[in-house]
Each structure stands twice: as structure tokens, then as C-alpha cells.
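The structure under discussion appears below in the form of C-alpha cells.
The values are calculated or read from the model by the stated rules, or taken from the named source; none is laboratory data. All of these numbers come straight from a predicted model, not from anything done at the bench. Positions of Cβ are backbone-derived with ideal geometry, glycine not excepted, and every protein chain shown enters the neighbour counts.
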Amino acid sequence: MAFITSLVPGVVMAVLFAQLKVLSTPLLLMPGFGESYDEEAAREQLVVLRPKDAPQINWKRIDERISEITCPVQGLYIMKVPTFKVLTDICKLLARDENMTILEISSQKQVQMKVSSRSDWSSELNSLPGCQVAVHFSYPTDGIPGVPCTQWALQVEVPYLLSTMRACDRRGIRIEQVYDFYN
């Protein structure tokens, strides 16, 4: 009896989903509907400032995924980088240079940065210039013996992003990801 109790709703749901699929076919045939995500087209524009007297830099040597690099005036660079996790990786590489400042990320003035650590750094993170803890949380356990990891979502003003990343690195705070869509 239990088999039939499960079979009847399964058949009814299969018929309903088949109808939805058939009804959506005309929409999927229209241009712009049902297209897959194009990862190559997803780019972020970084506006980066370096002191005029700083040595010249080979951006491709920092990361080959940096593209469309222009220098409208000496010390100011505009470039495109892939979004999501690659953006975070490139920002980490840029943060190694103490002379570097990102002024803007795709017209965003603020970004969100997810960080984690096994120690409580809430007050120190809040005291960093241009940085504010938006949310912090920890799971009861994270599968590793000892104190579970605490995670913070930081609201960071873009000009302070690299200095915040440097401060986190000095304290042993792990930078998980930079999200460019805070506002």
C-alpha cells in the first residue's frame, strides 16, 4: 500500500512538470530566454591608484586574467578582471603591494567581504578604517576538533579594501570572498 501511496503523487507531479516544460518551450525559443551564463562576459572594472613615483608594474605578471588595462593619467589604471572568486584572488594579489589602492570596483563604492577565523576579531575588524562588521556568526561545529570558525561579513569602502585585506592577512584572518554587489 505504501508503494501506491508514493506512486500516485509521483505520476501526478511528473505530468505537471511535463506540462510546464511543454508550455515553456515557446519562451525558450525566443532570443534572450533560456540562454546559459557566459562566464567570459562577466567582468569587473577596477580603477587602481599607484603613486606616480612607484616603479612601473607589469599587470600581466601579477595575474594573466587582468585585461583591457589602460592608464588615462600617470598612476591611475583602469582594468577588467573576471568576477566572483577570481576577483577575490586578484584583489589578494594586489594587496601584496603596499602602494596600491583600488578606488572603485564596477562603480561600487562599497563591497562586502567574507572573512573567517578561529579567534574573535570583531572589535579589531570594526576598528579598521573604512570597515564595518555587518554580520558575524559561527556554526556550532565545523567538522574540525576545537573551537568552530567564526565568520564575518564586512562592509568595506572600496578605497580601504586592500588595506583591510592586508590587516586581515597580518592577523591570520582568512579572506573567503569579496562580493562586488553590496549596494
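So here's what we get for this one:
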{"read-out": "Top-ranked residue in the stretch 16-55 [being outside any loop (DSSP other than H, G, I, E, B), touching a residue at least 40 places away in the same chain (Cβ under 8 Å) and of a type in the set (A, V, I, L, M); ranked as surrounded by the fewest Cβ atoms within 10 Å (Cβ to Cβ)]", "value": "Leu49"}
{"read-out": "Subset of the stretch 135-183 [free of Cβ contacts under 8 Å to residues at least 60 places away in the same chain, of a type in the set (A, V, I, L, M, F, W, C) and surrounded by 15 or more Cβ atoms within 10 Å (Cβ to Cβ)]", "value": "Cys149, Trp152, Ala153, Leu154, Val156, Val158, Ala167, Cys168, Ile173"}
{"read-out": "Test for Ser116: is it touching a residue at least 24 places away in the same chain (Cβ under 8 Å) and either acidic (Asp, Glu) or outside any strand (DSSP E or B) (or both)", "value": "no"}
{"read-out": "Meets criteria (surrounded by 15 or more Cβ atoms within 10 Å (Cβ to Cβ) and either in a loop (DSSP other than H, G, I, E, B) or in contact with a strand residue (DSSP E or B) (Cβ under 9 Å, 6 or more places away or on another chain) (or both)) for Glu64", "value": "no"}
{"read-out": "Output for the stretch 119-134, where each listed residue is more than 17 Å from the chain's Cα centre (by Cα) and surrounded by 16 or more Cβ atoms within 10 Å (Cβ to Cβ)", "value": "Trp121, Leu125, Leu128"}
{"read-out": "Within the stretch 34-61, tally of residues that are among the aliphatic types (A, V, I, L, M), at pLDDT below 95 and within 18 Å of Arg96 (Cα to Cα)", "value": "2"}
{"read-out": "Some residue of the stretch 77-94 being in contact with a strand residue (DSSP E or B) (Cβ under 6 Å, 6 or more places away or on another chain), in a loop (DSSP other than H, G, I, E, B), in contact (Cβ under 8 Å) with a residue 12 or more places away in the chain and surrounded by fewer than 18 Cβ atoms within 10 Å (Cβ to Cβ)", "value": "no"}
{"read-out": "Qualifying positions in the stretch 140-176 - among the hydrophobic types (A, V, I, L, M, F, W, C) and not in a strand (DSSP E or B)", "value": "Ile144, Val147, Cys149, Val158, Leu161, Leu162, Met165, Ala167, Cys168, Ile173"}
{"read-out": "Residue that is more than 21 Å from Arg50 (Cα to Cα) and over 13 Å from the mean Cα position of the chain (by Cα), where the choices are Ser116, Ser107, Ser163", "value": "Ser116"}
